[in-house]
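A quick write-up on the structure given underneath.
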Amino acid sequence: MIKIIYGPKGTGKTKILIDEANAKVASAKGHMIFITNTKRYMYDLHRDIRFIDTSDFMVAGEEALIGFIKGVVAANNDNEYLFIDGAARIAGKELSDMAAFYYVLERLAEQNGLTVYVTCSAAKEDLPEFVAKYI
């Protein structure tokens, strides 16, 4: 299942994502993964959440990002939550050009029993249909 946290830049989407991740720690039975492209929020997350800064791994582009996510998910067989802060920013693409990313992410979530949270910098009315369906 994919859940979208949306809003224009600067509206607190990352804070909402961090709060959501920290709230899930007490009830989570599996691994929790938080992916972003900065170390800025590393200390805001509970220590049981695996924090990954993609800039440490030179992830560039949509295909590299989805491959990286698949690798992280494959590393453990009991992942439960995946939080991605700014997938379009990490991929270096416009949100409207990421239909394939969301298709693969949905299949990955279904096949692995993951709940995936993704932040999107766009107003609700500006979200592409392939993203809006997850609201």
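Assorted remarks:
- Exactly one residue among ASP85, ASP53, ASP19 is acidic (Asp, Glu), more than 17 Å from ILE2 (Cβ to Cβ) and either open to solvent by less than 70 Å² (accessible area, probe 1.4 Å) or in contact with a Lys or Arg (Cβ under 7 Å, 6 or more places away or on another chain) (or both), and that residue is ASP53.
- Of the residues making up the stretch 65-78, those that are under 15 Å from the mean Cα position of the chain (by Cα), open to solvent by 20 Å² or more (accessible area, probe 1.4 Å) and in contact (Cβ under 8 Å) with a residue 12 or more places away in the chain are ILE66, PHE68, LYS70.
- For VAL104: the one exception among (1) aliphatic (A, V, I, L, M); (2) under 19 Å from LYS24 (Cβ atoms); (3) open to solvent by 20 Å² or more (accessible area, probe 1.4 Å): (2)
- Test: residue in the stretch 87-102 that is more than 23 Å from ILE135 (Cβ to Cβ) and in a loop (DSSP other than H, G, I, E, B): yes
- With respect to the conditions (1) aromatic (Phe, Trp, Tyr); (2) free of Cβ contacts under 8 Å to residues at least 40 places away in the same chain; (3) outside any helix (DSSP H, G or I), TYR81 lacks only one, and its number is (2).
- Restricting the stretch 80-132 to residues that are touching a strand residue (DSSP E or B) at 6+ places or on another chain (Cβ under 9 Å) and charged (D, E, K, R), the residue that is nearest to LYS13 (Cα to Cα): ASP85
- Pick from the stretch 41-50, criterion touching a helix residue (DSSP H, G or I) at 6+ places or on another chain (Cβ under 9 Å) and at pLDDT 95 or above, ranking: most open to solvent (accessible area, probe 1.4 Å): ARG50
The values are calculated or read from the model by the stated rules, or taken from the named source; none is laboratory data. Keep in mind that this is a model prediction, so the values were computed, not measured. Note that each Cβ is placed from the backbone with ideal geometry, even for glycine, and that neighbours are counted across all protein chains shown. Remember, those area values only see protein heavy atoms, side chains included, never the ligands or the DNA or RNA. Shrake-Rupley method; radii C 1.70, N 1.55, O 1.52, S 1.80 Å.
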